[in-house]
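For reference, the structure is listed below as structure tokens.
The values are calculated or read from the model by the stated rules, or taken from the named source; none is laboratory data. Quick caveat: nothing in here was measured; it's all calculated off a predicted structure. Here the Cβ is made from the backbone with ideal geometry for all residues, glycine too, and neighbour counts use every protein chain on show.
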Amino acid sequence: MLVEIPKLADDDFNHGGKPGWMQPVRKRDDGSYEPLKPVIRCNCGRLCGIGLHHVHADGTVTASFYHSKGTNFAIGESPDGCGWHVFLKLLNWTGEDFPPNSK
């Protein structure tokens, strides 16, 4: 199932049942800001990194997003996982292309 999720406001990051995304930034030495790979607020309300996913220029995220539950941290499981498993598209995405394991 494809789920389109909105960009979150700066103060709107901890609400279960309302998934969304936010894009952290890093301040460069010259004072400008570099956008980093987005963070996803899962359907359960937890914030999840997506370092192993590809965020395409159109906002499509591949592979599927899975907030897996378990204790095998080597494969990305979390004891706090909720089992939400969907394909994501980031609404109002800014156009950056972030391959897997990038910023």
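Residue by residue through region 27-42, note down the ones that are touching a strand residue (DSSP E or B) at 6+ places or on another chain (Cβ under 8 Å) and either surrounded by 17 or more Cβ atoms within 10 Å (Cβ to Cβ) or without any contact (Cβ under 8 Å) to a residue 24 or more places away in the chain (or both). Walk me through how you get there before you give the answer.
Of all residues in region 27-42, those touching a strand residue (DSSP E or B) at 6+ places or on another chain (Cβ under 8 Å) come to 27-28, 33-42.
Hits for region 27-42 are K27, R28, Y33, K37, P38, V39, I40, R41, C42.
Assuming D12 fulfils every condition listed in (1) free of Cβ contacts under 8 Å to residues at least 24 places away in the same chain; (2) in contact with a Phe, Trp or Tyr (Cβ under 9 Å, 6 or more places away or on another chain) apart from one, which condition is it?
Here D12 clears every test but (2).
Mind listing whichever residues of region 23-54 are aliphatic (A, V, I, L, M) and farther than 23 Å from K69 by Cα?
Scanning region 23-54 gives V25, L36.
Can you work out which of the residues in region 1-20 that are modelled with pLDDT of 75 or more and out of contact with any Gly (no Cβ under 7 Å at 6 or more places or on another chain) is farthest from G83 (Cα to Cα)? Please lay out each step first, then the result.
Step one: of region 1-20, the residues modelled with pLDDT of 75 or more are 1-9, 18-20.
Imposing the further condition that a residue be out of contact with any Gly (no Cβ under 7 Å at 6 or more places or on another chain) reduces the set to 1-4, 9, 18-20.
Working: M1: 14, L2: 16, V3: 15, E4: 18, A9: 25, K18: 15, P19: 14, G20: 16 Å.
For region 1-20, the residue satisfying everything is A9.
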